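The structure under discussion appears below in the form of structure tokens.
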Amino acid sequence: MTSMKAFWKFYFALFFAIAVNNALQLLNNGSPIGVYYHTTIVFSNWFIIPYFLNILNSLITLIVCLFIFGYAFDVKNLSRAPQWLFYLRLLSDCTGHSYEFKMIQSGFYQGTLWGFIGLASLILPILPSYIAQWKMTFK
């Protein structure tokens, strides 16, 4: 087994754990994310839109997990991701992280370094999944 295949198998396990954790945190009313959304919805019904965008983002990320699995383990039926999924995921990642964006914004209020650490903690874990999805979509 090549080292890159081993990396992608390890990354699939990590990405899957992150995706499932994010979905469970979002649906748990007692989690910080759940409290954030339910509290903001109490103050304004319009905040239900970012909540549903985050739920949509979680569902799309779980679907992408299937393709990352196919990429890591050479599953023929999952080796080619649809192009629309790539663009939908990109749009979803830009609009479906209201809680995380507020955390990054509060990090920047604390200091520039804290803001960049928050930004990196959002981007770096998903960056390899975009690389794999790009290869599956546009190969």
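No value in this document is a laboratory result; all are computed from the given coordinates. Please read these numbers as outputs of a predicted model, since none were measured by experiment. Glycine also receives a Cβ, built like all others from the backbone with ideal geometry; neighbour counts cover every protein chain displayed.
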- Query: Which number gives the lysine pairs in the chain that have C-alpha atoms under 30 Å apart and are eight or more places apart or on different chains?
  - Reply: 8
- Item | Per residue convex hull volume, Cα atoms of the chain, in Å³ | 115
- Message: Name the residue from Val75, Tyr51, Leu127 whose Cα lies farthest towards the positive end of the charge dipole of the chain, charges +1 on Cβ of Lys and Arg and -1 on Cβ of Asp and Glu.
- Response: Val75
- Using a 10 angstrom cutoff on alpha carbons, build the Gaussian network for the chain and name the most mobile of Ser79, Ser92, Ser121. Ser121
- TM-like helix rule applied to the chain (DSSP H, alpha carbon span at least 15 Å on the long axis, mean Kyte-Doolittle at least 1.0) gives 3-27, 48-73, 112-123
- Would you mind classifying the range 61-139 by shape? Square roots of the alpha carbon gyration tensor eigenvalues, ordered a ≥ b ≥ c; an a/c under 1.5 is rounded, otherwise it is prolate if a/b is larger than b/c and oblate if not. prolate
- Task: Could you calculate the FRET efficiency of Asn21 with Leu88 from 1/(1 + (r/R0)^6), where r is the beta carbon distance between them and R0 is 25 Å, rounded to 0.05?
- Result: 0.70
- Cα-Cα pairs in the range 1-43 separated by more than 14 Å, as a whole percent of all pairs, come to 60
